[in-house]
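*Asks:* Just dropping this structure here.
The values are calculated or read from the model by the stated rules, or taken from the named source; none is laboratory data. What you see is a predicted model, and the numbers here were worked out from it, not measured in a lab. Cβ sites come from the backbone with ideal geometry, for glycine too, and all protein chains shown count toward neighbours. Side chains are part of the model used for accessible areas, which takes the heavy atoms of the whole protein and leaves out ligands, DNA and RNA. Shrake-Rupley method; radii C 1.70, N 1.55, O 1.52, S 1.80 Å.
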Amino acid sequence: MADRVTVIGWDGSPLTAAARSALGAATLVAGAPHHLGLPEVPRSAERVRLGSVGLAARRIAGHRGTAVVLADGDPGFFGVVRTLRAPEFGLEVEVVPAVSAVAAAFARAGMPWDDAQVVVAHGRTLRRAVNVCRAHTKVAVLTSPGAGPAELGLLLDGVHRTFVICEELGTPDERVTMLTSDKAADHSWRDPNVVIVIGGATATAEGGWIAGGEPGAGPRGWALPAQAYGGALGEGETELLRSAQLARLGPRVGDLVWDIGCGSGAFATEAARTGAAVIAVDRSPGACARTEHAARRFGVQMQIVRGNAPHALEDLPEPDVVRVGAGGAAVVSAVADRRPQRIVTHAATRDAAELVGRDLTEHGYDVECALIQSVELDTRAWTEKERSVAFLLSGRLPDRAP
C-alpha cells in the first residue's frame, strides 16, 4: 500500500505550496494527460493515466511510496475521492481542494448558485438529469461524452430553457456560450463541460437557508383542500383520493410523472411539489388553463399538453409513474404499453375497476384495489356535508426498480 496518498484538485490556477510539496515528494502520479504534463510532476515519478479511477486505485494500493492523484476541480465534489476511499482499496487520502467546476461555471455566468440543483449526466443518469432540469429553475449539469449539451437539449423538447455552456474551464481553451436549449444540438461541444440550465419562474433575490432550494416549499401538507385550487374540484380529485394516489406513486426528484386528465391541476401541482418533473395532459382548454394557474400559484414547473389521450401521449418522453384521472380502460392500457414503474387510476364502479385491473394484470403489473369512501362533516353540527366513493387501482411492475 502507498505510504501516503494526496489528492490534488486543479482548476487551472497555479498550484498551492501544499500541492507543489506533495508533488515534489511523489513516486507515483496519476491524472489526465494535461495533469501529467504539468512541470511540477517529477520526471522520476511513475505516471498513471487516469482513465478508470478504480484501476488507478488498485495500482496505487499496490505501490510502495508516495502517490499523488491530480483531478480537475474539487476532487471531493462528484470526484475521485469517493472511489479512492472505497473499502476495497483501503486508502486513506489527504485532499488539497480547488474550485469546483460548478462553482467556476456559476462564477463565469456571474450568478449565485446556493439555490441550484447539481446533477451528473452520463449514460445511466441522463434521463433523470433531464427530468431535474424540467422540474427546477436552476440546475448545473456535470456532463460526460454522449450525455452533453446536445443530448440535454434534444431531450428537453417542448420545454424552454436557457443553457450557459462552459467548456474546458480553467484551460487556455475555455469557452462560455449562452443559447436556448433548442439550439444546443446544432453545435459540437468540447469535453469536459458544465451546463447551467435556467428557466421557469424567476428565483427570489433573497438568500435561502438550505442549498438547492427548500424542499417541499409552499403550504404545509399534501392533498390540499379545494379552496387552495380556486374552488370545486372534479370527479376523482377529492383530497383523500389524491393523497392515496400520491402515496401509491411516490414521485421523487429525477422522476417524470404523467397526469392524464389533469382537471384542476391539483394532483399535478402536488406531484411537482415533491421535486419530480410533471407533464399534465387534458383535452379541455379550461382544464389546461386551471392547471397552469395552479402551477404558477404554487411556484412549480410543469409541461402542460392539450390533447386527447391516448393519441396525445405518443410523442411524450417515457414516464416513471403515471396517474390516469380520465379516459378509462383504453387510456390505462395505452399507458401500460409504455411500461412505467407504477400506474394509479380510479373507477366509479366495481365492474369498471375489474376491467382496468384485468388489463393491468395482462400487461404484467401487480395490481391492488381498494374501495375508498370519504365523508366530509360540518364540525359545527357534526352533520354530513359531502360523501364520495371510488375504487382506487394501482399497478406496479415487479421487474422494475421500486
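*Asks:* For residues that are out of contact with any strand residue (DSSP E or B) (no Cβ under 7 Å at 6 or more places or on another chain) and either in a strand (DSSP E or B) or of a type in the set (A, V, I, L, M, F, W, C) (or both), scanning just segment 392-402, find the one that is most open to solvent (accessible area, probe 1.4 Å).
*Replies:* Only one residue fits best here, namely ALA401.
*Asks:* So which pairs qualify, if the first residue must be in segment 112-124 and more than 16 Å from SER100 (Cβ to Cβ) and acidic (Asp, Glu), the second must be open to solvent by 50 Å² or more (accessible area, probe 1.4 Å) and part of a strand (DSSP E or B), the Cβ gap must be under 9 Å, and the two must be at least 6 apart or on different chains?
*Replies:* The qualifying pairs do not exist here.
*Asks:* Let me ask something else about it. Looking at ARG297, is it assigned to a helix (DSSP H, G or I) and either modelled with pLDDT under 95 or among the aromatic types (Phe, Trp, Tyr) (or both)?
*Replies:* So ARG297 passes the test.
*Asks:* Here is a follow-up. Would you call ASP173 surrounded by fewer than 14 Cβ atoms within 10 Å (Cβ to Cβ), in contact with a Lys or Arg (Cβ under 9 Å, 6 or more places away or on another chain) and without any contact (Cβ under 8 Å) to a residue 40 or more places away in the chain?
*Replies:* In short, yes.
*Asks:* Of the residues ARG323, ARG290, which is within 23 Å of GLU239 (Cα to Cα), assigned to a strand (DSSP E or B) and among the basic types (Lys, Arg)?
*Replies:* ARG323
*Asks:* Working only within segment 311-365, note down all residues that are farther than 26 Å from VAL253 by Cα, in contact with a Phe, Trp or Tyr (Cβ under 7 Å, 6 or more places away or on another chain) and either hydrophobic (A, V, I, L, M, F, W, C) or crowded, with 17+ Cβ neighbours inside 10 Å (or both).
*Replies:* Answer for segment 311-365, where residues must be farther than 26 Å from VAL253 by Cα, in contact with a Phe, Trp or Tyr (Cβ under 7 Å, 6 or more places away or on another chain) and either hydrophobic (A, V, I, L, M, F, W, C) or crowded, with 17+ Cβ neighbours inside 10 Å (or both): ALA347, ALA353.
*Asks:* Restricting attention to segment 222-249, report how many residues are open to solvent by 40 Å² or more (accessible area, probe 1.4 Å) and closer than 26 Å to ASP366 by Cβ.
*Replies:* Number satisfying all stated conditions: 6.
*Asks:* Return the only residue of VAL176, VAL164, VAL197 being closer than 30 Å to GLY261 by Cβ, modelled with pLDDT of 95 or more and outside any helix (DSSP H, G or I).
*Replies:* Unique residue meeting the criteria: VAL197.
*Asks:* Among GLY148, GLY158, GLY110, GLY123, which is modelled with pLDDT of 95 or more and surrounded by fewer than 20 Cβ atoms within 10 Å (Cβ to Cβ)?
*Replies:* Among GLY148, GLY158, GLY110, GLY123, only GLY110 is modelled with pLDDT of 95 or more and surrounded by fewer than 20 Cβ atoms within 10 Å (Cβ to Cβ).
*Asks:* With the requirement that a residue be assigned to a strand (DSSP E or B), of a type in the set (Gly, Ala, Ser) and under 32 Å from the mean Cα position of the chain (by Cα), what does segment 346-391 give you?
*Replies:* ALA347, ALA370
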